[in-house]
Structures are given as C-alpha cells and as structure tokens.
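Rule-based calculations on the coordinates, nothing more; no lab input. Since this is a predicted model, take the numbers as computed values, not measurements. Heads up, the Cβs are rebuilt from the backbone with ideal geometry, glycines too, and the neighbour counts pull from every protein chain shown.
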Amino acid sequence: MSPSRSRRDRGAIAVTLGDPRGIGPDVAFRAVEKLAARDPALRIVFLGPPELLDRAPAGHDRVAVEGWDGSEAGAGRASVRAIEAAVAKAGAGEVGAIVTAPVHKPALHRAGWPFAGQTELLQHLTGASVVGMLMAAESTRLGGPLRVLLATTHLALRDVPGTLTEELLVEQVSLLHRSLRTYWGLAQPRIALCALNPHASDEGLFGDEESRVFAPAVMRLRALGMDVTPPLPADTVFTRALAGAFDAVAAPYHDVGMAAFKTASFGSGVNVTLGLPFVRTSPDHGTAFDLAAHPERADASSMEEALRLAGRLAHARF
C-alpha cells in the first residue's frame, strides 16, 4: 500500500449499525447524510445485516455481515459480527476510526457474548490491556466542554467499593492523561477526581475510601507529573469542570458520572473508548426500542457528534 493510499484510508470511518431492532441504523444513516452534504469527502463504511444496508445512503461502502433472523439472539449476533468486521478493517489499516451504533446488552448475552457492553467487547477483540470509557462533549447546555472518565463502568453499585482500588485509579487516570495529550492536544491536562462518598467523606465521617484509596493514588499520579486534584465532592466537581477549572473529571462509578454528563450534554455527548489501537466513538444513547416504530422522531445529533469527533481524533492520532 502506498503512503498516499494509507493516509486516505486513515480518514475513512467504519459505522456499525448496532441492534437492528433499535434506532441505531436510522440515526446513523441520517447523520451521515447530513454530514456528507457539508463534506463531500466524507468516507463511510457501513457494516451490518444486508437488509439494513439496503437503506444506507448511496456513495459509501457497505459490508454485509450475518443477516438478522428476527430473534433477540439473532440481533445480538448481527451486532457482534458487524463489530468484528469493523475491528478487522481497523486492524488492516482500511479505516482510521470506528463509530458504533447502540447494541442491546441482553441480546449480546443471548448470542453467547457475555460482555457488559461494547467497550468490554472491543477490549476482548483487540486484546487491549487497559481501556477506559470517556464521555466527551465539546459543547454543552452550559457552553463549556465536559469530559468524564468512568473509572468503573457496567457493574452493580454494591460492587463499586471493592472494585475501585488504588491501582485502578492510577491505571485509569494515567490512560486519561495520555489520551488527553495525544488526541486533544493538551500539554498538561488538568484532571479532577470525583469522590466516592458524600462530601468526599468529610474526613472519614461517611467512609474511608477517600483517604485509603484516593489519597495514595493521587500521590502516585502527582509523582508521575500529572495535574490531579484530591477527591472532590460530586455535587460541585462537575460544575467546576463546566466552568473551565478542569479538562476532565474521573468519576468513581457509572451513574454519578453519567447523570451529570447527560444532564449537561444530552444530544451532544459522545462515548469514546480509550486504550484501543484505533479511535472508537459511539452516541451517548441506547437502542431506544420505544422509538423504533417511529425512527423519524429519534434525535440523530449525538451520532453526528460521534462521527465528527471520530474524524477529529483519528486525524490527531496520525
């Protein structure tokens, strides 16, 4: 492959169509049509069941995977096969980024893929040693950007305290720091840690994780030259980030980060998987089966943002 061809391929974006029963295919098609009208050079490779690809916008490549047999397990298989094919294309250098439409986690399980979500599935398929789930909105309802790393992702709340170790915090914040430098061009990212307990435990009144887990992690991260805060209360840290005090927040568990993020940025938020050998983004919503019968009502703006950010981050990577 010539150098010029390689550069062009790095600009292509693979779009997996997700669960065929949800709004993913429709919002993907509408988002690509809108963006392509503004940027005729946009190169998309759609991957999904052949019956969905028949509706894909013209002028883009299509890769058919296993057809959907109408069952939930079949929907899960079709979703996974599209992701597998996209990962293969990214590994071969044929695309520079992957944007994934939403999947249904129970369908993945019925299809024999016992992963908590696409992030974990992508880690399995690529063999990545460490991955991170970053929710990124470059603009929000309050104006400024908001980037939230979920230090723990899809697990029961009762399991969070035992999972949130010093080692995990150091691992996840280090990955966030590297990614902000590489992809966002921030020479010295300012990272805030969101506490686990109310009021950051108020000196041990409401738990000891802030002193036992967070404090030694902060010491190690600062020793590595990172600009990291001590654990800050959840009821103020996100407001401060939106005001520009921090470049990103590391949240200790899924819902404390996602509730703040989606309140400020629903429709403009993007899920970014850190640590993969390629760029991967996804819209910040799910399959929305309740809207599937009327997909024209579904908002495609988050998918548009996922496509824009995928292209931007892929360009920064290379």
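How are the C-alpha pair distances of the stretch 129-275 spread across 5 Å bins, as whole percents from the shortest bin up?
2, 10, 21, 25, 23, 12, 6, 1
Using the alpha-carbon centroid of each, what span in Å lies between the stretch 33-68 and the stretch 205-253?
If you average the Cα positions of each part, the centres end up 42 Å apart.
Mind ranking 104-116, 242-254 by how tightly packed they are, going by the mean number of other C-beta atoms within 10 angstrom, highest first?
Those peptides, ordered most packed to least, come out 242-254, 104-116.
Under 21 Å from the Cα of Lys262, which lysines turn up, not counting those fewer than eight places away in the same chain?
Counting by Cα, and skipping residues close in sequence, Lys262 has these lysines nearby: Lys105.
I'd like the distance between the alpha-carbon centres of the stretch 72-111 and the stretch 135-192, rounded to an integer number of Å.
The two parts, judged by their Cα centres, are 24 Å apart.
Could you go through the stretch 133-138 in sequence order and give the Karplus-derived ³J(HN,Hα) for each residue, using 6.51 cos²θ - 1.76 cosθ + 1.60 with θ = phi - 60°, rounded to whole Hz, and x for Gly and Pro?
Taking θ as phi minus 60°, the curve returns 9, 10, 9, 10, 10, 7 Hz for the stretch 133-138.
Restricting to Cα pairs below 8 Å that are 6+ residues apart, what does the relative contact order work out to for the chain? Please round to a whole percent.
Result for the chain is 23 percent.
Under 5 Å between amide hydrogens, which residues at least 5 positions from Val63 or on another chain qualify, with H placed 1.01 Å from N in the peptide plane?
Amide H to amide H, under 5 Å and 5 or more residues apart or across chains, Val63 pairs with Phe46, Leu47, Gly48.
Quickly estimate the mean residue ellipticity at 222 nm for the chain, helices only: each DSSP H run with n ≥ 4 gives -39500 (n - 2.57), and the total goes over all residues, rounded to 500.
-12500 deg cm²/dmol
Skipping prolines and chain starts, which residues have an amide H placed within reach, meaning under 5 Å, of the one on Leu232, given they are 5 or more residues away or on another chain?
Those lying under 5 Å, H to H, from Leu232 are Leu193, Cys194, Ala195.
Give the cross-link partners of Lys34 among the aspartates and glutamates, using a straight C-alpha distance below 19 Å as the criterion and excluding same-chain residues fewer than 8 apart.
Asp26, Asp54, Asp61, Asp284, Glu296, Asp299, Glu304, Glu305
Over the stretch 129-275, what relative contact order in percent results from Cα pairs under 8 Å that are six or more residues apart?
Relative contact order here is 40 percent.
Mind checking which of Ala234, Ala260, Ala187 has the largest fluctuation in a GNM of the chain, springs on alpha carbons under 10 Å?
Maximum among the listed residues: Ala187.
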